[in-house]
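Visitor: Sending over a structure as structure tokens; questions will come in a sec.
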Amino acid sequence: MKNAFQKFGQWFQKAVFSNEQRPFDWLLFFSTLPIVGAGLITMNSFQSGNNYFFEKQLIWIAVAIIIFFILSLIDFRFLRRTDVLVSLFALGCISLIVLLLLNNVVRGSRSWFSFGGFSFQPSDPTKLLLILILAKYFSRRHIEIANIRHILVSGFYAFVLFFLVFLQPDFGSSVIIFLVWFGMVLLSGISKKHLIAVFLIGLLSFSVLWFYVFKDYQKERILSFLHPLTDVQDSGYNAYQSTIAVGSGKIFGKGVGYGTQSRLKFLPEYQTDFVFAAFAEEWGYFGVLLLFLLFMIIILQILRNAFHGDTNFEILFGLGLTIFFLSHFTINVGMNIGLLPVTGIPLPFMSYGGSHLLTEYAGLGILMGMRRYSRPIHKDSIKNEFIGV
């Protein structure tokens with residue numbers, strides 16, 4: 001067992017810290033395509049005739065991949081300029097405010113701009129914007145991160161976006177915004193006493209939100225997470241049906257198009273929030289294992305590109321992007337198997353929807369653009385150059 005862990009550690013170091021550089025990370029790009037394909041197959045397997053979700057998702061995928069390749073050709077060193085990022089931050093805030101003031105309520109929230117037959121959710125690209133803002137802020141202050149002032153200032157940027165998204169209300173995206181900020185603060189070298197202070201502030205904030213802000217259905221979702229079987233006919237129904245779907249897939253699944261939970265409409269939103277459960281029911285443990293492997297490759301390749309960043313800004317952006325994908329993946333899978341409350345967070349590359357897909361490929365495209373001027377870096381140099389050491 002010890003030798004196995006040592007071999008895995010050596011493989012991980014080689015995969016992430018290898019000095020070998022190529023103009024383009026094809027492994028990263030091609031690792032996303034089977035996940036995209038799995039999402040399309042799942043969407044199409046329960047519909048006969050014209051499939052609305054399948055056809056629109058094909059368009060979103062084409063646009064997202066085009067954006068990915070365009071961004072990969074751009075030199076993003078201009079994003080190190082404060083005025084550029086502040087302007088983008090202001091534009092993002094304005095779009096969220098306009099959404100709140102002028103947009104109509106759809107399914108209980110003001111989260112989408114509609115353009116003909118397509119809808120776009122601004123909260124998705126604001127997550128990417130926050131990563132850029134924090135990467136810029138901490139890249140010049142990582143040595144001084146022990147100063148509580150920098151935590152508060154960075155927290156202000158995150159809080160503005162968190163608050164505007166939460167008002168829509170979009171609790172799931174708000175959680176991702178918080179996790180991106182919290183993860184990047186941790187990676188930047190926060191002191192233990194400040195970490196405790198952040199936890200206390202978070203606990204206090206949650207208490208205020210619970211008693212004065214959360215709506216009844218949001219409280220019910222959290223309570224159904226703590227006691228999932230107490231109300232399986234109402235607030236706990238989605239999570240309950242999802243766990244049944246995942247478990248019923250067993251080792252090799254029921255086969256494409258034979259998932260009874262989705263086909264018989266027991267599993268709601270199988271093309272978006274619960275696409276993982278629908279996939280697991282059809283493909284079983286074996287298919288889920290392959291899916292997890294692909295996501296692991298994506299994360300490792302993002303880390304590998306991040307640690308070759310030209311400056312701390314590029315390194316922090318790559319690490320922030322890692323947190324972004326890990327947060328989405330962990331929460332979506334967690335809520336599909338009943339370990340986390342249902343929050344409406346999509347599974348990267350797989351769930352139906354154009355906003356998150358464009359954001360994900362845009363993030364990878366920016367990373368590829370930064371790769372164009374990246375430099376080889378030895379793993380021992382990272383400690384001296386990053387995370388406040």
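Visitor: Starting from the Cα of Lys193, step 7 Å along the direction of its Cβ; do the same at Arg149; then give the gap between the two resulting points in nm.
Guide: Label at Lys193, label at Arg149, 1.7 nm between them.
Visitor: Also, I was wondering about something else. How far apart, in nm, are the 7 Å Cα→Cβ label points at Val208 and Ser248?
Guide: The answer from the label model is 4.5 nm.
Visitor: With a ≥ b ≥ c the root eigenvalues of the C-alpha gyration tensor of the range 121-204, is it rounded (a/c under 1.5), prolate (a/b larger than b/c) or oblate? Walk me through the numbers before you get to the answer.
Guide: Numbers: a/c = 2.48, a/b = 1.46, b/c = 1.70.
Here the range 121-204 falls in the oblate category.
Visitor: Follow-up question, since we're still on this one. Residue separation times 0.36 nm, minus the C-alpha to C-alpha distance between Tyr237 and Phe292: what's the value?
Guide: Numbers: separation 55, 0.36 × 55 = 19.80 nm, distance 2.59 nm.
Additional length available on full extension: 17.2 nm.
Visitor: Which order, highest average first, do 282-294, 333-345 follow once you tally other Cβ atoms within 10 Å for each residue and take the mean per peptide?
Guide: On the way: 282-294: 16.9, 333-345: 20.9.
Highest mean packing first, the order is 333-345, 282-294.
Visitor: What's the FRET efficiency of Asp216 with Leu100 using the Cβ-Cβ distance as r and R₀ = 30 Å, to the nearest 0.05? Don't jump to the answer; show the numbers that get you there.
Guide: Values: r = 21 Å, r/R0 = 0.70.
With R0 = 30 Å, the Cβ-Cβ based efficiency is 0.90.
Values quoted throughout were computed directly from the atomic coordinates according to the rules given, and no laboratory measurement underlies them. The structure displayed is predicted, hence computed values, not measured ones. Don't worry about glycine lacking a Cβ; one is built from the backbone with ideal geometry, like all the others, and counts go over all protein chains shown.
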